[in-house]
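Below is one structure; the comments refer to it alone.
The values are calculated or read from the model by the stated rules, or taken from the named source; none is laboratory data. A quick note: this is a predicted structure, and the numbers were derived from the prediction, not measured. Reconstructed Cβ throughout: ideal geometry from the backbone, glycine too, with neighbour counts over all protein chains shown.
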Amino acid sequence: MSGDRTEELIKKYALQNAVFFKGTANPKSVVGKVLGENPEYRSRAGEITPLIESIVSDVNKMPLEEQIKALEEIDPSLLSKEKKERSHLLPELKNAVDGKVVMRIAPGPSGPLHIGHTRVSVLNDEYVKRYNGKLIARYEDTNPEKIDPEAYEMISEDLDWLGVKIHESVIQSERFEIYYDHTRSLIEMGEAYVCTCDGDDWRSLKEEKKECPCRCLPVNEQMERYDKLLDGGYGEGEAVAVVKTDIAHPNPAVRDFVALRIVDHPHPRTGDKYRAYPMMNLSVAIDDHLLGVTHVIRGKDHLNNTLRQEYVYDYFGWKKPEYYHYGLVNIPDTVLKTSLIKESIRSGEYSGWDDVRTGTVRAIKRRGIKPEAIRRYWVESGIKSVDIQFSWDNLYGMNRDIIDGISNRYFFAADPVRYDIDGVDAIEGKAPLHPDHPERGDRVYRIDGSKTVFISSDDSKMFSEKKQVRLKDLCNLEYGTPAKYSGNDLSVLKHGVKAVQWVGRDGIRTELLMPDGSIVNGLTESLILKEKNDCVQYERVGFVRLESVGKDLIKVVFTHR
């Protein structure tokens, strides 16, 4: 595509974004739009992004009326905020019978859910709802050293918030006897054995497609070893129960896999009751069958696990579920690892599991991201096997579609600077609570008495340099001490005078928590005390979630622009 054509395309999207957001386009949103709808540009992202930023800068210098006119000339249809309904239905499941589909999610209770976990939860929930089926939450807590006793409840709360309907919950630490019985059966069938070899030696032999000495021992000797393993006769690392597969399988990862291991660490739920702990491939295969799971959706990093688990199904003659493996997702610049978050909470660096610097579901909820946006993101991503890069900008765009219409507008002045106004007895103005919903009414202002306003420190610096400013929806000022009232003529905007947010002397002290954990101190107009919704938009700042609102202090969390 030619350079001129590329610039025209970028300008079109920049103008549309600017018009939708009252004159100011967001470069990141325009980048997302251009690359999202024109994937051929992705390979040139490094070249395209600076061009987009330059064009957006030029567009933002235009008055809103000029932006609207320019967009009308390019494509009038883009002036409408009505979006065409796009179908992003997930594909049909194989052999799915309405009312008979059973699926599962398998959270590990080491902490609450994070954004990556929501993918499998949403996809399974979508299918179960489509087929009027059943969704099971199976808590895979067979690694006692990593269990957080509070995580079971936190995960349940996270799933509720996501709108994921759980019909049955199962905890693996309560099912050890079931795993023991099935392992015993496998040994009796000659399809499993107890190995006392050095772990490294056992793995080396597998790499060479060779059996270890324990593999061929007679069943009666295997059973004696198994009883000893369950009765505490072996120490940690001295013995494991192993499921046989094809020792010459072309994929080394599929050759014989450990079913049970010894763990000398108390479990938060069962204490020291058990020392033989099931490995994932044994417990998952048994549970999926006994729970009646018909379809399994999980990441393609489980492809080898599926091959291992199918051996267990074959040995017992069980009907296998239909398996689907979606591509891996890379979530950049996000703290997801439970152990790191937990340590940061302990050290006092993070305030808790909902610290906005993390990618937990609780942090996302705190910021004001709606569960419907998360659901839409993963449904549109689908279950294809191709790997993907998670885009926060795309998620923000989807969330913006949800909250823009319900978020009333208010003024906020960051690091406020005071200005007294001279040259007028009183100033009156009004601004809509929401520009697209006039039925909600206006914010009505009257500045009299001391005629004091506050603007942000950045705008104050600009005011001192440019000597003129417009207080949005109120009046124009000339720089001075005090500042001088200079009428209410909107045409000054065409001559480069900038309109800024402002707050009257009754503004309420505000702490704005940003995604990097920093706090921006400022003032919010007092009319926000009447707001009943928890999400609003600070004009020219972005969407925020109201965390607490009082007459002396407002605490808000930045959502996105």
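Can you tell me which of (1) without any contact (Cβ under 8 Å) to a residue 12 or more places away in the chain; (2) surrounded by 13 or more Cβ atoms within 10 Å (Cβ to Cβ) is the one Tyr180 doesn't meet?
The number of the failed condition is (1).
When you scan region 142-168, how many residues do you find that are surrounded by 14 or more Cβ atoms within 10 Å (Cβ to Cβ) and not in a helix (DSSP H, G or I)?
7
List the residue pairs whose Cβ atoms are under 6 Å apart, where the first residue sits in region 208-233 and is assigned by TED's automatic domain parsing to the domain that holds Leu260, the second is acidic (Asp, Glu), and the two are 6 or more positions apart or on different chains.
Short answer, once both residue conditions are applied: none.
Check Pro109 against each of (1) over 26 Å from Pro332 (Cα atoms); (2) without any contact (Cβ under 8 Å) to a residue 60 or more places away in the chain; (3) out of contact with any Lys or Arg (no Cβ under 7 Å at 6 or more places or on another chain) and name the one condition it does not meet.
(1)
With the checklist (1) surrounded by 11 or more Cβ atoms within 10 Å (Cβ to Cβ); (2) at pLDDT 85 or above in hand, flag the one item Glu92 doesn't pass.
So Glu92 meets the others, but not (1).
Please name all residue pairs, on different chains or six or more residues apart, with Cβ atoms under 8 Å, provided the first residue is in region 57-81 and is closer than 17 Å to Leu9 by Cβ and of a type in the set (Asp, Glu) and the second residue is modelled with pLDDT of 85 or more and surrounded by 12 or more Cβ atoms within 10 Å (Cβ to Cβ).
Going by the 8 Å Cβ cut-off, the qualifying pairs are Asp75/Lys12.
Looking at region 289-319 only, could you name the residues that are under 19 Å from Glu188 (Cβ atoms) and charged (D, E, K, R)?
Asp314, the sole residue that qualifies.
Could you grab the pairs with beta carbons closer than 9 Å, sequence gap of 6+ or different chains, first residue in region 523-543 and crowded, with 16+ Cβ neighbours inside 10 Å, second one assigned to a helix (DSSP H, G or I) and of a type outside the set (A, V, I, L, M, F, W, C)?
Listed by first residue and then by second, the contacts come to Gln537/Asp404; Phe543/Tyr396; Phe543/Asn399; Phe543/Arg400; Phe543/Asp404.
Answer yes if at least one residue in region 368-387 is outside the structural domain of Lys22 (by TED's automatic domain parsing), surrounded by 20 or more Cβ atoms within 10 Å (Cβ to Cβ) and under 30 Å from Ser460 (Cβ atoms), and no otherwise.
Yes; the residues of region 368-387 include at least one that is outside the structural domain of Lys22 (by TED's automatic domain parsing), surrounded by 20 or more Cβ atoms within 10 Å (Cβ to Cβ) and under 30 Å from Ser460 (Cβ atoms).
Find the residue count for region 497-522, including only residues that are free of Cβ contacts under 8 Å to residues at least 60 places away in the same chain and surrounded by fewer than 14 Cβ atoms within 10 Å (Cβ to Cβ).
Qualifying residue count, region 497-522: 3.
Every residue in region 208-237 that is farther than 30 Å from Asp301 by Cβ, under 45 Å from the mean Cα position of the chain (by Cα) and assigned to a loop (DSSP other than H, G, I, E, B), please.
Asp231, Gly232, Tyr234, Gly235
With respect to the numbered conditions (1) touching an Asp or Glu at 6+ places or on another chain (Cβ under 6 Å); (2) surrounded by fewer than 18 Cβ atoms within 10 Å (Cβ to Cβ), which one is the sole condition not fulfilled by Ala363?
The number of the failed condition is (2).
Search region 329-348 for residues being charged (D, E, K, R) and surrounded by 13 or more Cβ atoms within 10 Å (Cβ to Cβ), and hand back the single one that is nearest to Ser385 (Cα to Cα).
Lys337
Kindly indicate whether any position in region 200-213 is under 30 Å from Leu291 (Cα atoms) and not charged (D, E, K, R).
No; the residues of region 200-213 include none that is under 30 Å from Leu291 (Cα atoms) and not charged (D, E, K, R).
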